[in-house]
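Visitor: Sending over a structure as structure tokens; questions will come in a sec.
The values are calculated or read from the model by the stated rules, or taken from the named source; none is laboratory data. Note that the coordinates shown come from a computational prediction; the quantities given were computed from them, not determined experimentally. Cβ sites come from the backbone with ideal geometry, for glycine too, and all protein chains shown count toward neighbours.
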Amino acid sequence: MNKKDLKARIVNFIPRKENIKINNKEINELDFYELEEIMNDIFTQNLQKEFVEDFFQIYEKYPLEDNDYFWSMLHGIESINLKIYGKALLNSIKRQPSFFVLLMINRMINNKISDINGENLMDIFNNIKNDEKIDVKLRNIAKDFFDHQNKKDNK
């Protein structure tokens, strides 16, 4: 698939809604399978750099989602030089914090990276955990990462 078609597919991606019955209880799930197909094409053609903004926008659309496809995107993003995706990450966290972007920041701190383009990563956690306009689940995730990193520093 060419870049133009891939771009259209990822920009317009919407997961299918799927109803599953478990123990006679109906559960609504989102099916992200099509995203795997799109990512496979992107990774096979080594186009991660060109689609990094699109990856972050998917995280923003589904900020609390945690699935294998999102992990694949994370690994694809992390395979790129931080100087290339750092600005996109900062823009994403400002537009709409998400679990995976918070996770990426935590992983950076674990790897002794303390800032991106002069922005302190611990300050990002601190700002998010204290911002009442942000979903409480995301604030708690930021707080957990903040507390975890502070405990490591105090050992």
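Visitor: Select the helices (runs of 4 or more DSSP H) contained entirely in segment 61-148, then report the ones holding at least 1 residues which are under 16 Å from the mean Cα position of the chain (by Cα), among the aromatic types (Phe, Trp, Tyr) and over 22 Å from residue 32 (Cα atoms).
Guide: 82-95, 121-129
Visitor: Let me ask something else about it. Against the definition (modelled with pLDDT of 95 or more, exposed (fewer than 15 other Cβ atoms within 10 Å of the Cβ) and either under 24 Å from residue 12 (Cα atoms) or not acidic (Asp, Glu) (or both)), how does residue 139 come out, yes or no?
Guide: no
Visitor: Then there is this: Name every residue in segment 6-25 that is closer than 11 Å to residue 54 by Cα and outside any helix (DSSP H, G or I), in order of residue number.
Guide: 12, 13, listed by residue number.
Visitor: Any residue in segment 101-123 that's at pLDDT below 95: show its pairings with residues that are assigned to a loop (DSSP other than H, G, I, E, B) and surrounded by fewer than 13 Cβ atoms within 10 Å (Cβ to Cβ) at Cβ separation under 9 Å, as long as the two are six or more apart or on different chains.
Guide: none
Visitor: Scanning for something aliphatic (A, V, I, L, M), exposed (fewer than 13 other Cβ atoms within 10 Å of the Cβ) and in contact (Cβ under 8 Å) with a residue 12 or more places away in the chain, does segment 43-59 turn up at least one residue?
Guide: no
Visitor: Look through 98, 79 and report the one residue that is among the polar types (S, T, N, Q) and surrounded by 18 or more Cβ atoms within 10 Å (Cβ to Cβ).
Guide: Of 98, 79, the one residue that is among the polar types (S, T, N, Q) and surrounded by 18 or more Cβ atoms within 10 Å (Cβ to Cβ) is 98.
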